[in-house]
Amino acid sequence: MLKKKVLAAVVCGLMSSILLSVMFPLNFSEHDQVSKYSWESMRTSFFIYTMYFHGAILIYGLPVSLLVGWIVKRLHGFLKDIASFLLHVALSIPAMVYFYIFPPIIAGIFSITESLLLRVRIRGSEWIWSYAVFSITAILWGLLWGL
């Protein structure tokens, strides 16, 4: 169970970094004429979001996920998924004070990823898969750094 939660955390970090760097790119240009939706802004946003999101998910999201899993363990099926989603989002609301709208979005992605991974039987070790996804993130990070 913990292995799949760690895998869900790593996959969620990658998905959140890609999605939110496209939706909310950061503009570090001092010129107003440069669009914040340019490739440079999205690439820079991906670097920054990747570092912060993976750290936040592993420090805050993983313990919250363990707590939510313990709370909803008696529920079954679709009701368990809905309760898990709502609890993940509700427990991310205090972090909105510091991090704007990002915590509920990431909590929703984490909850959906976790519920999908708990239904799928993964061949091989979950640690290997989480290492592979984390390596893909690092390779993508390195490739984008060179562009």
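The values are calculated or read from the model by the stated rules, or taken from the named source; none is laboratory data. Please read all numbers here as calculations on a predicted model, not as lab measurements. Here Cβ is always computed from backbone atoms with ideal geometry, including for glycine, and neighbour counts include all displayed protein chains.
Structure notes:
- Every test in (1) farther than 25 Å from Val22 by Cα; (2) free of Cβ contacts under 8 Å to residues at least 40 places away in the same chain; (3) assigned to a helix (DSSP H, G or I) is passed by Trp129 save one, and that test is (2).
- Meets criteria (free of Cβ contacts under 8 Å to residues at least 40 places away in the same chain and in contact with a Phe, Trp or Tyr (Cβ under 9 Å, 6 or more places away or on another chain)) for Pro63: no
- Evaluation of Lys73 against (1) in a helix (DSSP H, G or I); (2) farther than 18 Å from Phe99 by Cβ (one fails), failing number: (1)
- For the stretch 108-127, the set of residues classified as under 16 Å from Leu14 (Cβ atoms) and of a type in the set (A, V, I, L, M, F, W, C) consists of Ile109, Phe110, Ile112, Leu116, Leu117, listed by residue number.
- Test: Ser135 is surrounded by 13 or more Cβ atoms within 10 Å (Cβ to Cβ) and among the small types (Gly, Ala, Ser): no
- For the stretch 32-71, taking the residues that are of a type in the set (Ser, Thr, Tyr) and over 11 Å from the mean Cα position of the chain (by Cα), the one that is surrounded by the most Cβ atoms within 10 Å (Cβ to Cβ) is identified as Ser65.
- Ile82 being out of contact with any Lys or Arg (no Cβ under 6 Å at 6 or more places or on another chain), without any contact (Cβ under 8 Å) to a residue 40 or more places away in the chain and closer than 22 Å to Phe24 by Cα: no
- Residue, modelled with the highest pLDDT, within the stretch 89-124, restricted to residues that are loosely packed, with under 12 Cβ neighbours inside 10 Å and assigned to a loop (DSSP other than H, G, I, E, B): Ile101
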